[in-house]
1. Suppose the chain between Asn144 and Ile117 were pulled fully straight at 0.36 nm per residue; how much longer would it get relative to their current alpha carbon spacing?
2. Can you give the extra length, in nm with one decimal, that the chain gains between Val67 and Ile96 once fully stretched, where that is 0.36 nm per residue apart less the Cα-Cα distance?
3. Positive end of the charge dipole of segment 55-144 (Lys, Arg +1 and Asp, Glu -1 on Cβ, about the Cα centre): tell me which of Val132, Leu104, Thr64 has its Cα farthest that way.
4. Note down the net charge around Val116, summing +1 for each Lys or Arg and -1 for each Asp or Glu among other residues with Cβ under 10 Å from its Cβ.
5. Add +1 for every Lys or Arg and -1 for every Asp or Glu among the other residues with Cβ under 12 Å from the Cβ of Glu103, and state the total.
6. Could you work out the relative contact order of segment 71-137, using alpha carbon pairs under 8 angstrom and six or more residues apart, expressed as a whole percent?
7. For His143, what is the net charge nearby, where nearby means another residue's Cβ is under 10 Å from its Cβ and Lys, Arg count +1, Asp, Glu -1?
Amino acid sequence: MRRLLAVILSVTLLTLGACASSGVSEISPGSTAYLMHYEDGRITGIKPVVIRDTGTGGFLGAITGAVLGSTMGRGRGNTLATLGGGLLGAYAGNEIGKANAQELMVDLNNGDSVVVIAKGKKFALGQHVRIVLENGNVVSVEHN
C-alpha cells in the first residue's frame, strides 16, 4: 500500500509540474516596472534545438527516485534500491527537464538580421513574428 501511494504521489507531482505553464508566456515580476519594446520581422531560417535542463529536473528526479527506492527491499537491498532509485530518478528528471525549441533566423523590418531561440510555439518559414525585448533581452517571440 505504501509503495502504491508513493508511486501515485510521484506521478501526480510530475504531471502537475509539467502542466504548470502550458502555452502561457512567463515573465519576471520586474518586467512590470520596465518599458519593453518589440521588433517585427520575417523568419528566413529555422533550426530545431534542445534547451538543457537547468538542474531542477535532475534534482527533483533524484529525490523522487530515492524516496521510491527506499520503499523497496531490506537492509543492504534497501540501500542499493535507494541509491539506484536516486540515480535513475536524476537521469530521468534531467531528460524530462529538457525542452524542445526552435532557433529562428529573422530579417527585421528595420533591415537587421537576428537569431532568437523560441520554445512553446511552432513557427514556419516566411512567417511574420514579433520579438519582445526588455533591456536587450528577449522576453518572448510571438506570431504576428
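1. Going from the current span to full extension adds 8.1 nm.
2. Full extension from Val67 to Ile96 adds 8.6 nm.
3. Thr64
4. Working: positive: none; negative: Glu39, Glu103.
My count for the surroundings of Val116 gives -2.
5. Spelling it out: positives minus negatives among the neighbours equals +2.
6. Relative contact order here is 19 percent.
7. Every neighbour counted, the sum reads +2.
Quick note: the coordinates plus some simple rules give every number you see, no bench work behind them. Given the structure is predicted, the values throughout are model-derived calculations rather than measurements. For neighbour counting, all protein chains shown are included, and Cβ atoms are generated from backbone atoms with ideal geometry for every residue, glycine included.
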